[in-house]
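Quick note: the coordinates plus some simple rules give every number you see, no bench work behind them. Owing to the predicted nature of the structure, the values given are computational and were not obtained by experimental measurement. A quick note on method: Cβ atoms are made from the backbone with ideal geometry, for glycine too, and the neighbour counts reach across all protein chains shown.
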Amino acid sequence: MNHGHLGKGISSIMHAISHKSSILPRDMTYSHLVTSGLTVGFGGSVGLESPIVVTGSAIGSNLGMLFRFNYRERTLLIGCGVAAAISSLFNAPIAGFVFTLEILLLELAVSSFIPVLLASVAGAITTRALSGTEIIFTAEMTDSFEVAQLYLFMLLGAFTGIVSLVFIRISNRSRKIFANMKTTWHPFIAGSLMLGILIFLFPALYGEGFTTIRALLSGNADFIVEQSFFSKWVDGNALLIPYILLLVVLKIVAANLTQGAGGNGGMFAPSLFVGATAGYFFAQVLQFTGLSGDLHMATFTLVAMAGVLCGANHAPLTGVFFIAEITSGYELMIPLVIVSTLSYITVKYFEPHPMPVRQLMEKGLFAGYDSDTRVIQKLDVRKLIESEIRTIAPEISLGELVEVVANSSRNLFPVVDQSGVFQGIITLDDIRTLMFKPERYNDTFAIQLMHAPPTVLQIQDGMDTAMKKFDETGAWNLPVLDGQQYVGIISKSRIFGMYRQLLASDTNRLDM
Amino acid sequence: MNPAKWLQRFLIWRSRHVSKRNFLLLISVLIGIAAGLASTLLKWWVHFWEELLIGINEDFSFEYLYLLFPVIGIALTI
């Protein structure tokens, strides 16, 4: 049903923005809704946020096309769609807005905040009007933050960082394994059967897993064990702690199996589940070993959710605002910020790029974080080539050459033989002294005057290679070859002109 | 008159009477509402299947069905 663009989720939006003029196919406005509902409704262990984000951005892009908005405005409307999608799914308008900045890496100028915020709020209001004010996770906040507990939260930050790192590493590994399978049937059979077995043994892995998170938050951990195959052994004793840790790891595996098998869904909800179980585990261990006094389990569970959300998605602010908003618990602000920041720093040290970016990099499609890299990527070597420059045959004499020079506005002449093979170049400087000696006109030939260029570009070179060659040689013009065949000349000034033009259209600044 | 003509007329009217900036704000609100509808629909759609499957499970009281559900779900997705 999803013809080919399935399971790429957020990375496919990033790709559409950088390489496809922010145009998303029209069927994307509903196809991901249908398929992800089936995946998750039948127990696929992934989240709905990635499909709804794709849907929202497709709505933005297609309305933008319908009403003839240009590339910059369309990109902004995609941002609006993404913010509104997250905002309406989780009833969290600020988190939706921050998600757009941090996860989609949309560079918004302050002046363009307003439409995105408007969309975000409109999305939240629409869901509220239709399904009431529903708070996804409620936790009774008994105590606010105490300075004496600071070290515990710092430890939790490092711990969630490590858990996030495991999450990312398993995901990268699993993506490779599934990508190496030959047919579409192998991943499906292997992935979905293993998933079925996991869910059968551990029903907590069924679907998004929000029921489990709610149970942990209300201090009802036995509920998770009760339904399980292993309930006889784990029931209410110390084995609960390793059981929870097992769930942390198995959820990561189950989410990846679902995606690898071809299910449609994202990693946002799984990272919430992993965070909640990891936090509960952490607090239980501290309490069990007597390293700390009585701890408020719900606080640690919630804060760890933010920690893993930040770490696994490289999005420090999204995690903070997300948890604060969905629990309407702003009392937790300080521990949330501490844990999220530490988790983010830990992950960033080992894993510099977020998962969607890495997916694009693996395919060589990542367009860069800053405008400069992005613009240079967009420049196409083929479009910059000047092929109308007069070429010279190696056997022509100086006299004929002077004639050519007189009739040309350039000071660079590529020497190309009859079969089109590039021989060298002649610049005006090479012949300046000889030009005024008519007696040499007939006994000097181009082949004696030409020299090799500092380096040559190949037509299949990417723009980054081309820029590197220009930087290394300091040349202003370089010949472009296809193998040995001469194609044309690329000049720095032409690159510069094109660069300026693209840079102007790249920044998402709207004068509001 | 066909829809494309109406759109054309609307776009012309828009360019005469509403500034692009204000129109963009209007569209962003529209996108927000559409995304809100989409996510409500999605939640309902997931819920629909979950309820249905829980019902089936209760009727048969056969836990091994949990082995099969994800397989069916992903098969339908592909």
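Taking 0.36 nm per intervening residue step and subtracting the Cα-Cα distance, what contour gain separates residue A:222 from residue A:20 on full extension?
Additional length available on full extension: 67.7 nm.
Express in whole angstrom the spacing between the alpha-carbon centres of the range A:211-226 and the range B:15-78.
25
To the nearest 20 Debye, how big is the dipole of the range A:10-131 about its Cα centre, given +1 on the beta carbon of each Lys and Arg and -1 on that of each Asp and Glu?
260
Relative to the longest principal axis of the C-alpha atoms of chain A, give the angle of the C-alpha long axis of helix A:268-289, reported between 0 and 90° and rounded to the nearest 10°.
50
State the answer as a single residue: which of B:39, B:70, B:10 lies farthest towards the positive end of the charge dipole of chain B, with beta carbon charges of +1 for Lys and Arg and -1 for Asp and Glu, about the Cα centre.
Most positive-ward Cα: B:10.
Going Cα to Cα from residue A:469, which lysines come in below 20 Å? Please leave out same-chain ones fewer than 8 positions away.
Within the straight-line cut-off, residue A:469 pairs with A:378, A:383, A:492.
How high is the relative contact order of chain A? Use alpha-carbon pairs under 8 Å, at least six apart in sequence, and give a whole percent.
This gives 17 percent for chain A.
Do you know the relative contact order of the range A:358-463, to the nearest whole percent, from alpha carbon pairs under 8 angstrom that are 6+ apart?
30
Assuming R0 = 45 Å, can you tell me the calculated FRET efficiency for the pair residue A:436 and residue A:473, based on Cβ-Cβ distance, to the nearest 0.05? All intermediate terms of the calculation are to be shown ahead of the outcome.
Values: r = 30 Å, r/R0 = 0.66.
Step by step, r from the Cβ atoms, then E = 0.90.
Among A:445, A:361, A:433, which residue has its Cα furthest toward the positive end of the charge dipole of chain A, with +1 on Lys/Arg Cβ and -1 on Asp/Glu Cβ?
A:445
At a 10 Å Cβ-Cβ cut-off, how would you order B:64, A:280, A:441, fewest neighbours first?
Neighbour counts put them in this order, fewest first: B:64, A:441, A:280.
Students often get this wrong, so check it: of A:20/B:20; A:363/B:43; A:182/A:468; A:176/A:251, which have C-alpha atoms separated by over 28 Å?
Flagged as over cut-off: A:363/B:43; A:182/A:468.
What's the local net charge at residue A:458, with K and R +1, D and E -1, over the other residues with C-beta under 12 Å away?
Counting the neighbours of residue A:458, the net charge comes to 0.
Tell me the angle of helix B:20-60 to the major Cα principal axis of chain B, expressed in degrees between 0 and 90 and rounded to the nearest ten.
10
For the range A:10-131, calculate the relative contact order in percent as a whole number, restricting contacts to Cα pairs under 8 Å that are 6 or more residues apart.
22
Suppose every Lys and Arg Cβ carries +1 and every Asp and Glu Cβ carries -1, with no other charges. What dipole size does chain A come out with about its Cα centre, to the nearest 20 debye?
On the way: 33 positive and 38 negative charges, 151 e Å.
I would put it at about 720 debye.
Rounding to the nearest 10 and keeping the result within 0 to 90°, find how far the Cα-based axis of helix A:240-261 lies from the longest principal axis of chain A.
So the inclination is approximately 40 degrees.
For the residue pair residue A:372 and residue A:155, what label-to-label distance in nm results when each label sits 7 Å from Cα along the Cα-to-beta-carbon direction?
Each label point lies 7 Å from its Cα, and together they span 4.4 nm.
Between residue A:148 and residue B:9, what FRET efficiency follows from the Cβ-Cβ distance if R0 is 51 Å, with the result rounded to 0.05?
The calculated FRET efficiency here is 0.15.
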